[in-house]
Amino acid sequence: MGTETVRTDTADDTAGRKREQRGWYFYDWACSVYSTSVLTVFLGPYLTAVAERAADADGYVHPLGVPVRAGSFFAYSVSLSVIAAVVVMPLVGGAADRTGRKKPLLAAAAYTGAAATTGMFFLYGDRYLLGGVLLVVANAAQSVAMMLYNSYLPQIAPPDERDAVSSRGWAFGYAAGSLVLVANLVLYTAHDSFGLSETAAVRVCLASAGLWWGAFTLVPLRRLRDRHARAERATAPGLSRAERATAPGLRQLVDTVRDMRGHPLTLSFLLAYLVYNDGIQTVITQASVYGSEELGLGQSTLIGAVLLVQVLAVAGALAMGRLARTYGARLTILGSLVAWTATLAAGYFLPAKAPVWFFVLASGIGLVLGGSQALSRSLFSHLVPPGKEAEYFAAYELSDRGMSWLGPLLFGLTYQLTGSYRSAIVSLVAFFVIGFVLLARVPVRRAIGAAGNPVPEKI
């Protein structure tokens with residue numbers, strides 16, 4: 001009888017965990033449309049065009065009196081949004097850790113971002129400042145929501161399931177991005193048939209991403225559940241109980257970093273990830289600007305290229321997952337960084353007005369995009385000391401976003417100084433080369449053992 005009870009409880013626990021995992025996947029399904037349709041495809045070229053309409057005779061706009069080349073305004077706005085996210089994330093993460101109530105915070109961040117994205121429907125004429133404000137709000141909100149979303153991974157998946165769960169989350173996101181991009185492509189290319197101007201079609205595509213984000217966020221909010229805050233998470237050296245209860249997120253971040261000093265190899269991985277992921281994020285946000293402004297490609301070509309990236313990213317993530325089972329996640333990620341470097345170097349030489357070669361470049365990006373991110377997330381889960389998953393994943397998300405302003409800033413500055421988007425795009429190679437060197441120096445097996453976790457056969 002006792003044995004039967006244990007089996008029933010185990011089956012119930014497994015069913016509950018699987019249900020949460022399926023709900024967790026759907027947040028990627030909800031928010032990835034923002035990353036794909038808004039940030040990667042439409043907003044960069046469109047906001048740049050709006051800024052150019054507002055520019056003076058020398059090609060500059062003047063937000064708050066600061067002269068900014070119109071072609072750099074989008075990149076600078078992305079950088080500002082990341083800085084805003086870095087300020088807010090520790091505060092929200094601290095509140096989530098202290099209370100254990102992640103769902104209300106996830107809902108607030110997600111619906112703030114969805115509302116700002118929907119508001120992009122009103123971006124037209126020379127309203128470049130409105131576009132910049134909405135971008136900063138939406139992008140910062142997405143970063144905060146992703147921090148909370150990722151922190152669920154150690155709670156809903158045991159170690160032997162995390163690679164698969166992490167990869168499926170990315171796959172759900174790319175599948176949603178592909179589906180909505182097909183609809184965007186139909187609407188944009190046949191906008192006359194729908195009684196819309198080209199500008200109006202872009203605005204509808206931007207706003208629809210916000211509506212999609214808000215609608216499908218309901219699924220994870222129904223299926224994910226809050227956990228009670230662990231008693232050990234309230235412990236902070238040198239603080240009284242009252243101080244711990246009211247400690248701001250930034251103080252918690254300092255405490256986490258102080259704790260990480262006892263795990264220097266985990267910190268070494270975070271540094272490597274911070275560098276090469278900055279390159280990945282910048283390519284995602286600036287590729288469409290490069291295609292439109294430097295290569296002279298039309299919006300339909302850019303949408304088609306990003307759609308190709310989305311489709312190949314699903315296959316690439318699954319393929320890299322299989323490679324990781326054979327060669328280990330670390331070696332597979334290193335290989336992907338070599339591929340990123342080669343792809344960007346080739347992108348410098350792409351001829352203008354040649355969509356076929358841009359599609360070749362997009363294929364290279366798609367094959368390494370999802371896998372490099374999914375495997376980085378699952379590899380980090382092995383480097384987290386038991387019982388400290390949530391706070392370490394908060395630091396992981398901060399390392400994800402914390403220097404992601406540097407890539408767009410470098411891209412924007414390079415263009416501002418040289419007037420060449422080719423120079424701007426090739427400057428990003430530095431992130432992948434430096435990231436490769438830093439990751440190659442991390443002894444991953446020793447790092448896992450030092451964190452107190454069992455070392456997998458292949459890692």
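Mind checking the dipole of the chain: about its Cα centre, +1 per Lys or Arg Cβ, -1 per Asp or Glu Cβ, Debye to the nearest 20? Don't skip to the end; give the middle numbers.
Details: 38 positive and 29 negative charges, 218 e Å.
Once rounded to the nearest 20, the dipole reads 1040 debye.
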Highest to lowest packing among 275-285, 45-55, 163-173, scored as the average C-beta count within 10 Å:
275-285, 163-173, 45-55
Which whole-number value in Å³ per residue fits the convex hull of the alpha carbons of segment 77-188?
118 Å³
Hull surface divided by four, with the convex hull built on the Cα atoms of segment 295-343: how many nm²?
4.0 nm²
Highest mean packing first, using Cβ neighbours within 10 angstrom, the peptides 22-34, 418-430, 77-89 sort as 22-34, 77-89, 418-430
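Quickly estimate the mean residue ellipticity at 222 nm for the chain, helices only: each DSSP H run with n ≥ 4 gives -39500 (n - 2.57), and the total goes over all residues, rounded to 500.
So the calculated ellipticity at 222 nm is -25000 deg cm²/dmol.
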Phi-based couplings in Hz for segment 347-355 (Karplus 6.51, -1.76, 1.60; Gly and Pro marked x)
x, 4, 9, 4, x, 6, 6, 10, x
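What Kirkwood hydrodynamic radius do you get for segment 403-459 when you take the inverse of the mean 1/r over all pairs of distinct Cα atoms, in Å? Working shown, then result.
Working: mean 1/r = 0.0721 Å⁻¹.
One decimal place: 13.9 Å for the Kirkwood radius.
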Over its alpha-carbon atoms, the chain yields an Rg and a Dmax in Å of 22.0, 84
Computed Kirkwood radius, in angstrom, where 1/r is averaged over Cα pairs of segment 27-112
15.3 Å
Heavy-atom accessible area per residue of the chain, all protein chains kept, 1.4 Å probe, expressed in Å², is 40 Å²
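Within segment 40-111, what whole-number % of the accessible surface is contributed by carbon and sulfur, with the 1.4 Å probe and all protein chains included in the calculation?
Working: 1820 of 2690 Å².
Here carbon and sulfur together make up 68 percent of the probe-accessible area.
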Return a whole-number percent for the relative contact order of the chain, with Cα pairs under 8 Å and 6 or more residues apart as the contact set.
25 percent
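Assigning unit charges at the beta carbon (Lys, Arg +1; Asp, Glu -1) and nothing else, what dipole magnitude in debye, to the nearest 20, does segment 280-421 show about its Cα centre?
Numbers: 7 positive and 6 negative charges, 75 e Å.
Result for segment 280-421 is approximately 360 debye, rounded to the nearest 20.
Assuming a viscosity of 1.306 mPa s and a temperature of 10 °C, what translational diffusion coefficient in µm² per second does Stokes-Einstein assign to segment 1-151, Rh being the Kirkwood radius over Cα pairs?
Numbers: Rh = 17.6 Å.
Result for D is 90 µm²/s.
When you have a sec, figure out the Kirkwood radius of segment 123-218 from all distinct Cα pair distances and drop it here in Å to one decimal? Please list the in-between numbers first.
Values: mean 1/r = 0.0627 Å⁻¹.
With all distinct Cα pairs of segment 123-218 included, I get 15.9 Å.
Give the Rg/Rh ratio for segment 284-390, taking Rg as the radius of gyration of the Cα atoms and Rh as the Kirkwood radius, to two decimals. Walk me through the numbers before you get to the answer.
On the way: Rg = 16.1 Å, Rh = 14.9 Å.
When Rh is taken as the Kirkwood radius, the ratio is 1.08.
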Projecting each Cα onto the charge dipole of the chain (Lys/Arg +1, Asp/Glu -1 at the beta carbon, about the Cα centre), which of TRP24, LEU417, TRP340 comes out farthest on the positive side?
TRP24
Say each of SER193 and TYR327 gets a label point 7 Å from the Cα, pointing the same way as Cα to Cβ; how far apart are those two points in nm?
4.4 nm
Nearest-0.05 FRET efficiency for ARG227 and VAL455, computed from C-beta distance (R0 22 Å):
0.20
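The values are calculated or read from the model by the stated rules, or taken from the named source; none is laboratory data. Please read these numbers as outputs of a predicted model, since none were measured by experiment. Methodologically, a virtual Cβ is constructed for each residue, glycine included, from the backbone with ideal geometry; neighbour enumeration extends over all protein chains shown. Please note that ligands, DNA and RNA were not included when accessible areas were found on the heavy atoms of the full protein model with its side chains. Shrake-Rupley method; radii C 1.70, N 1.55, O 1.52, S 1.80 Å.
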